[in-house]
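Here is the structure we will look at.
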Amino acid sequence: NGFGQKAQEKDDAEKDDASKDVERDEDGGGIKYTERATTRTQCRKLTKFIRMVQYLFNDAIAQMVRHTASELLDVFESFAQEADDPTMEEDRDGGKGEQKGRKRQIFALECLLEPSGLRFSPTGENIREVLEVCLREALRAVSSTQTFLAVEDFTPFTAPLAELGDALQVEEQQQDLCALVAQDPKYKELTQLIMVRYNSLFDRVVAYAARFQNFVVLYNENQSFQDPSIVFADADLDEFREALAKYKQQMEDIGNIRKSKDIGLFKLDCKTMQGTLKPSPERCHQLLADYIPKLAMQKLSLLNADVQAHNESLSQYPSNVDEYVQFNVNIAKID
């Protein structure tokens, strides 16, 4: 009858609906469409929050880097002001000053003397390069952290969006923080000012070391002095006296060189240069000290020979006119 047909149609419709629900559950992994939509909405909110925190973190890193560079510049500036203070002097032996609050120098330099001139070890350019590398590496160290969206713990929240194509790829979401900070106008200005101040501080070291240029000339002159018998072949007594006094004064001047000197950011060590210079006038003085007695003995021997020859010529009276003339010539030589 009609009731049986309607009942059969109702059962068929319920079976069709049940099969559709099964297919929907299988496609959604057992999650209904509304549930998946709700999950996707929440994941999107969480992803946006993670991005916002990442931006705040990046800004904090940029501010920290700028602040650090500013602090370094302030340190350099304080050294520049200290270098201008005449009361901030160390003693002759390189001892520390007595003033409280005095800063310890950051870079140690050696002043070396060579025949070609003075040089510093390490050089100012080498220190500048190391300073630039330190700034770059410090920036890279604080900015090379893993981005938050790439953290494995956040994957369950970002994966649903990525699977649905509703999120950018991780590579597209991230930015090179190190490059961004390095190109920041304020940071670039600070690093440039740091290098300008460094150059001015190193120029003070060069200006201070310029007073040692005369020792380069002195050293080369003394090194060329090898044989006193050639240099002082026709010298008189005053020239010998002046030479001995000159070498003695050189030894005193070299002894008065400060072993170290604090010049703003740098501590200049002059002990090696002093050690190179010290033997130079001592050797020349010793050469003269050994040569003068030998020369005196030679002159004395010649004088004795002349005296003996004149004594022999004067011991005999002239017997003729020629001998009388020669006799008078010998007397004139003796006078």
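The values are calculated or read from the model by the stated rules, or taken from the named source; none is laboratory data. All figures in this text were calculated on a predicted structure; none of them were measured in a lab. Here the Cβ is made from the backbone with ideal geometry for all residues, glycine too, and neighbour counts use every protein chain on show. Quick note on the areas: whole protein, heavy atoms, side chains included, nothing else; ligands and nucleic acids left out. Shrake-Rupley method; radii C 1.70, N 1.55, O 1.52, S 1.80 Å.
Within region 67-84, identify whether any single residue is over 18 Å from the mean Cα position of the chain (by Cα), at pLDDT 90 or above and over 21 Å from Asn199 (Cα atoms), and answer yes or no. Yes, there is a match, as at least one residue in region 67-84 is over 18 Å from the mean Cα position of the chain (by Cα), at pLDDT 90 or above and over 21 Å from Asn199 (Cα atoms).
Of all residues in region 324-333, one or more are among the charged types (D, E, K, R) and either open to solvent by less than 70 Å² (accessible area, probe 1.4 Å) or in contact with a His (Cβ under 9 Å, 6 or more places away or on another chain) (or both). Taken together, Ala233, Ala243, Ala210 contain a single residue that is out of contact with any Asp or Glu (no Cβ under 9 Å at 6 or more places or on another chain), open to solvent by less than 70 Å² (accessible area, probe 1.4 Å), in contact (Cβ under 8 Å) with a residue 12 or more places away in the chain and not in a strand (DSSP E or B), which is Ala243. Taking the criterion of being open to solvent by 70 Å² or more (accessible area, probe 1.4 Å) and more than 25 Å from Phe107 (Cα to Cα), the residues of region 246-278 that qualify are Lys246, Lys248, Gln249, Glu252, Lys278. Residues that are at pLDDT below 70 and acidic (Asp, Glu) were ranked within region 132-169; the one that is farthest from Gln63 (Cα to Cα) is Glu163. For region 32-51, the criterion of a residue being in a loop (DSSP other than H, G, I, E, B), loosely packed, with under 12 Cβ neighbours inside 10 Å and modelled with pLDDT under 80 is satisfied by no position.
Of all residue pairs spaced 6 or more apart or on separate chains, those with beta-carbon atoms under 8 Å, a first member in region 125-141 that is free of Cβ contacts under 8 Å to residues at least 60 places away in the same chain and more than 17 Å from Leu265 (Cα to Cα) and a second member that is of a type outside the set (A, V, I, L, M) and open to solvent by less than 60 Å² (accessible area, probe 1.4 Å) are Arg140/Cys178. When restricted to residues that are under 26 Å from Gly275 (Cα atoms) and open to solvent by 40 Å² or more (accessible area, probe 1.4 Å), region 220-230 contains 6.
Checked against the criterion of being modelled with pLDDT of 90 or more and aliphatic (A, V, I, L, M), the candidates Val231, Val217 yield just one match: Val217. Just checking, does region 285-294 include any residue being of a type in the set (Ser, Thr, Tyr) and modelled with pLDDT under 75? The answer is no; no qualifying residue exists. Look at (1) in contact (Cβ under 8 Å) with a residue 24 or more places away in the chain; (2) crowded, with 17+ Cβ neighbours inside 10 Å; (3) under 23 Å from the mean Cα position of the chain (by Cα); (4) part of a helix (DSSP H, G or I) and you find that Phe215 fails only one, number (3).
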